[in-house]
Amino acid sequence: QVQLVESGGGLVQAGESLRLSCAASGSIFSIVVMGWHRQAPGKRRELVATITRGGRTIYADSVKGRFTISRDNAKNWVYLQMNSLKPEDSAVYYCYAGSSSDYWGQGTQVTVSS
């Protein structure tokens, strides 16, 4: 089992920045990939960014060049630096960890006002 706890969400204005953090605990040795997904009201949950233990990253086209995912393997944390935020980035952001099973955090709200 893996437990994930997110922090760092909030309300910002368009153009501003936020940094999300996610702490993993439990069977962390089994984690292969970590990342962030988001879900806006009335929409499906979508991938934002992922990062492997080796540092390989994948980003959604909508966030490329604005968001940066990073990972501290020693501390079992994953971060999402979000710059130049847009109102369409507003959503609940979920931390994700993939091993033999998928694990999700409880989510943190990000709201970007225009």
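For region 60-72: of the residues being of a type outside the set (Ser, Thr, Tyr) and open to solvent by less than 60 Å² (accessible area, probe 1.4 Å), which is modelled with the lowest pLDDT? So, considering only residues that are of a type outside the set (Ser, Thr, Tyr) and open to solvent by less than 60 Å² (accessible area, probe 1.4 Å), the one modelled with the lowest pLDDT is Asp72.
So, in region 101-114, exactly how many residues are surrounded by 13 or more Cβ atoms within 10 Å (Cβ to Cβ) and either under 19 Å from Ser27 (Cα atoms) or polar (S, T, N, Q) (or both)? So that I can check it myself, show each step before the final result.
Our first condition is that a residue be surrounded by 13 or more Cβ atoms within 10 Å (Cβ to Cβ); within region 101-114, this holds for 103-105, 107-108, 110-112.
Among the residues that remain, those that are also either under 19 Å from Ser27 (Cα atoms) or polar (S, T, N, Q) (or both) are: 103-105, 108, 111.
The total comes to 5.
Number of residues in region 77-100 that are open to solvent by 50 Å² or more (accessible area, probe 1.4 Å) and polar (S, T, N, Q) equals 4.
Note on region 17-51: residues that are under 19 Å from Gln3 (Cβ atoms) and acidic (Asp, Glu) amount to 0. Only one of the numbered conditions (1) in a helix (DSSP H, G or I); (2) crowded, with 21+ Cβ neighbours inside 10 Å is violated by Glu6, and that is (1).
Residues being farther than 29 Å from Ser114 by Cβ, of a type in the set (Val, Ile, Thr) and touching a residue at least 24 places away in the same chain (Cβ under 8 Å): count how many of those fall in region 31-88. Talk me through it step by step, then tell me what you get.
Taking region 31-88 first, the residues farther than 29 Å from Ser114 by Cβ are 31-34, 51-56, 71-77.
Those still in the list that are of a type in the set (Val, Ile, Thr) too: 31-33, 51-52.
From what is left, the residues that are touching a residue at least 24 places away in the same chain (Cβ under 8 Å) are 31-33, 51.
Summing the residues that are farther than 29 Å from Ser114 by Cβ, of a type in the set (Val, Ile, Thr) and touching a residue at least 24 places away in the same chain (Cβ under 8 Å) in region 31-88 gives 4.
Screening Val12 against (1) surrounded by fewer than 15 Cβ atoms within 10 Å (Cβ to Cβ); (2) of a type outside the set (Lys, Arg); (3) part of a strand (DSSP E or B) leaves a single unmet condition, (1).
If you check Ala24 against the conditions, is it touching a residue at least 60 places away in the same chain (Cβ under 8 Å) and either crowded, with 17+ Cβ neighbours inside 10 Å or part of a loop (DSSP other than H, G, I, E, B) (or both)? Steps first, please.
Values: touching a residue at least 60 places away in the same chain (Cβ under 8 Å): yes; either crowded, with 17+ Cβ neighbours inside 10 Å or part of a loop (DSSP other than H, G, I, E, B) (or both): yes.
When the stated conditions are applied, Ala24 passes them.
The values are calculated or read from the model by the stated rules, or taken from the named source; none is laboratory data. None of the values given here were measured: they were computed from a predicted structure. Please note: Cβ atoms are built from the backbone with ideal geometry, for glycine as well, and neighbour counts cover all protein chains shown. What goes into the accessible areas is simple: the full protein's heavy atoms, side chains included, and nothing from ligands, DNA or RNA. Shrake-Rupley method; radii C 1.70, N 1.55, O 1.52, S 1.80 Å.
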